[in-house]
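Taking it in order: structure first as structure tokens, then the write-up.
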Amino acid sequence: MNLPYKPKERRVVPNWRYYENTLAAGELDGWKVSKLVRDPYSIEDYKELWQGHHSLYRAGDLLSAAITNGRENDESVKDAANYILDQGNAPTQTMLHSALRILGSENKEATSSKVEINRLRECTAVNDIYSFIHTIRMRLHLMPYNPFLYVDLSRAYLLLGQTGKAEDAMKKALHFGADNRFVARSAARFYLHMSDRERAHELIRAKGAVAVDPWLMAAEISINMLMGKTSSYIKKGRAIIDSGNCSPFGYTELASSIGTQELYAGSNRNSNKLFRKAMIAPNDNSLAQIQWVNSFDPLKFDLNVQVNNDYEVRTFDAWIQGRYDEAAHEAVSWICDMPFSHKPISIGYTICSNFTHDFALASAILDVGLRTDESNPFLLNNKAYCAARDNQIEVAKETFEKLQAISCLDNSLSWKVCVPATEGLILYRDGKHQEGAVKYQEAITIAQQADTEEGKFLSRKAKLNYCRERLIAGDESPVKVMEEVSEIIPEEKEAELKILLNEIKSEFKKQMK
């Protein structure tokens with residue numbers, strides 16, 4: 001049985017993209033800007049070229065310009081997106097990705113598992129990463145003291161799971177540019193990924209730039225919150241926001257970070273004011289923070305704004321509203337943007353496994369996570385589950401053996417229930433039905449003995465998985481199995497169990513034909 005994703009409290013920690021992408025997002029601009037919002041560039045030239053002659057090259061350029069400048073609803077842009085999807089295998093995966101983003105999931109191609117898997121593999125291709133590393137190293141021969149190149153090198157090595165080399169490169173970046181915003185924020189995110197919060201906090205504060213740079217100050221406040229502490233920069237941060245000397249885009253992360261701190265301090269009025277200021281010119285990070293806060297403390301903000309790289313917001317919006325195919329598509333985009341991050345991996349997997357039952361795509365997502373964290377028990381258990389559901393039995397058994405070799409498994413109830421249930425699934429798909437039944441019954445008993453709300457949920461989930469496998473195995477009367485299923489009634493909020501129940505009913509209909 002797959003382990004459920006358990007949402008954690010979100011904080012406005014820095015995102016980490018390659019230097020050119022961070023520069024394009026405007027996060028390295030000077031923060032003392034007189035204009036409130038950066039004016040979008042016109043896409044009229046791209047439209048005229050496209051309208052003058054239709055070609056993949058011009059369609060791709062138009063879509064890129066439209067996405068960058070928030071003009072995705074333009075009719076010419078949609079026309080170009082449809083043109084790309086009509087060209088068969090000729091467009092690149094990047095073009096297909098852009099076209100699907102423009103048109104949304106109502107286009108039939110948006111739900112194609114093959115398209116999503118290819119996108120995922122293209123953006124995390126090992127050969128491409130090695131080629132990028134080679135290019136960076138060639139540039140370092142010419143510019144050996146450039147800290148930005150070392151930051152990009154560190155990120156590339158991290159994507160390959162080579163954390164030692166990634167840390168060596170980051171240390172060199174810090175040696176040559178520790179007081180630079182891009183370097184400090186990237187280094188902090190690297191050490192947060194490595195679960196070293198103290199080091200991340202130390203780097204943000206290292207050279208004193210945090211006292212004058214709102215982007216660094218936002219990170220410092222958020223990392224303090226992760227450590228259960230209160231930053232000494234909150235008062236100064238509010239002064240920067242209220243000074244009139246900082247552009248709204250320059251302080252958007254700072255306002256949302258302090259707003260979160262105020263919210264947890266019980267000052268809803270102050271937090272709402274800060275979130276409203278963060279929404280004047282948000283980036284993807286501050287917008288996602290406000291969306292997260294809105295999930296339990298409704299702020300009544302309109303989150304339907306044009307923001308670059310807003311894949312996290314799009315993913316959650318589609319997921320919450322039950323548009324699961326669209327949510328899976330946006331999750332893949334989010335993973336391509338942040339392939340080293342655990343959160344998009346966990347959420348993308350959960351959507352594909354629990355709601356769309358696309359186990360091939362779910363496995364591909366988990367493979368991205370396992371590359372950078374090969375001994376992660378959450379990823380290993382769920383990889384074994386997905387492989388078994390996809391009847392990749394040898395892969396499932398090999399992955400489950402790796403899971404069993406880990407000595408530091410969580411002692412939580414979900415672990416105690418899910419691990420034997422996963423083993424039961426593998427045994428059933430391997431033809432060992434009696435042994436599989438024993439493991440499923442063990443999982444159900446553990447869940448029932450807990451006598452908690454979580455235990456009741458896990459018990460229902462394990463029973464439904466067990467009943468599905470019994471139907472597929474065909475060892476007993478389908479009618480008898482369905483009598484047990486009829487006694488399991490999911491609660492209104494348990495969408496995952498409702499979908500699982502529908503899957504079982506479909507399997508029953510197959511058995512009765």
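The values are calculated or read from the model by the stated rules, or taken from the named source; none is laboratory data. If you're wondering where the values come from, they're calculated on a predicted model, not measured in any experiment. Don't worry about glycine lacking a Cβ; one is built from the backbone with ideal geometry, like all the others, and counts go over all protein chains shown. Please note that ligands, DNA and RNA were not included when accessible areas were found on the heavy atoms of the full protein model with its side chains. Shrake-Rupley method; radii C 1.70, N 1.55, O 1.52, S 1.80 Å.
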Considering only protein heavy atoms, what is the solvent-accessible area of Arg238 at a probe of 1.4 Å, reported in Å² to the nearest 10? 60
Exceeding the 25 Å Cα-Cα cut-off - candidates Lys277/Lys493; Lys78/Lys300; Lys383/Lys432: Lys277/Lys493; Lys78/Lys300
Taking a probe of 1.4 angstrom, what is the accessible area of Tyr130 in Å², to the nearest 10? 110
Based on Cβ point charges of +1 for Lys and Arg and -1 for Asp and Glu, what charge dipole magnitude is obtained for the chain about its Cα centre, in debye rounded to the nearest 20? 1180
Once both label points are put 7 Å beyond Cα along the C-beta direction, the Ser375-Glu503 separation in nm becomes 3.1
Compute the relative contact order of the range 239-353 as a whole-number percentage, counting only Cα pairs closer than 8 Å that sit 6 or more residues apart in sequence. 17
Counting only protein heavy atoms and rolling a 1.4 Å probe, one gets per residue an accessible area for the chain in Å² of 46
Here the FRET efficiency for Asn73 versus Lys273, based on Cβ atoms and R0 = 35 Å and rounded to 0.05, is 0.70
Filtering GluC sites (Glu not before Pro) in the range 384-492 by DSSP loop and by at most 15 other Cβ atoms within 10 Å leaves Glu476, Glu487, Glu491, Glu492
Just want the answer: with Cβ charges of +1 for Lys and Arg and -1 for Asp and Glu, which residue in Trp50, Tyr83, Pro14 is farthest toward the dipole's positive end in the chain? Pro14
Rank these by accessible area, largest first, 1.4 Å probe: Met225, Met170. Met225, Met170
Counting alpha carbon pairs within less than 8 Å and at least 6 residues apart, what relative contact order, in whole percent, applies to the chain? 14
Can you give the FRET efficiency to the nearest 0.05 for Asn89 and Lys235, using r as the Cβ-Cβ distance and R₀ = 60 Å? 0.55
Dipole of the range 106-179, positive direction: furthest Cα of Leu149, His134, Cys123, with charges on the beta-carbon: His134
Thr356 accessible area, nearest 10 Å², 1.4 Å probe? 40
Ordering Ile221, Ile67, Ile280 by accessible area with a probe of 1.4 Å, largest first, what comes out? Ile280, Ile67, Ile221
Per DSSP H run of at least 4 residues, take -39500 (n - 2.57); add these up for the chain, divide by its residues and hand me the 222 nm value, nearest 500 deg cm²/dmol. -21000 deg cm²/dmol
Lys114 versus Glu394: modelled label distance in nm, points set 7 Å from Cα along the beta carbon direction: 2.4
Starting from one equal scatterer on each C-alpha and no solvent at all, send me the Debye-based log10 I(q)/I(0) for the range 416-513 at q = 0.14, 0.15, 0.20, 0.25 Å⁻¹, two decimals. -0.49, -0.56, -0.99, -1.38
As an exercise, take the mean of 1/r over every pair of distinct alpha carbons in the chain, invert it, and state the Kirkwood radius in angstroms. 24.8
Which FRET efficiency, nearest 0.05, do Lys171 and Val305 yield, Cβ-Cβ r, R0 56 Å? 0.90
So what's the gap between the Cα centers of the range 490-513 and the range 276-348, to the nearest angstrom? 29
Excluding ligands, DNA and RNA, the carbon-plus-sulfur percentage of the accessible area of the chain with a 1.4 Å probe reads 48
Given 506-513, 242-249, the highest-first ranking by average Cβ count within 10 Å works out to 242-249, 506-513
For Phe296 and Leu49 in the same chain, what is the full-extension length gain: residue separation times 0.36 nm, less their Cα-Cα distance, in nm? 84.2 nm
Kindly sort Lys439, Lys171 by accessible area of their heavy atoms, largest first, with the probe set to 1.4 Å. Lys171, Lys439
Rounded to the nearest 20 Debye, what is the dipole magnitude of the range 230-368 about its Cα centre when Lys and Arg each give +1 and Asp and Glu each give -1 at the C-beta? 820
Work out, step by step, the length gained on full extension between Ala473 and Glu494: first 0.36 nm times the residue separation, then minus their alpha carbon distance; give nm to one decimal. 4.9 nm
Just want the answer: with Cβ charges of +1 for Lys and Arg and -1 for Asp and Glu, which residue in Ser363, Asn381, Asn308 is farthest toward the dipole's positive end in the chain? Asn308
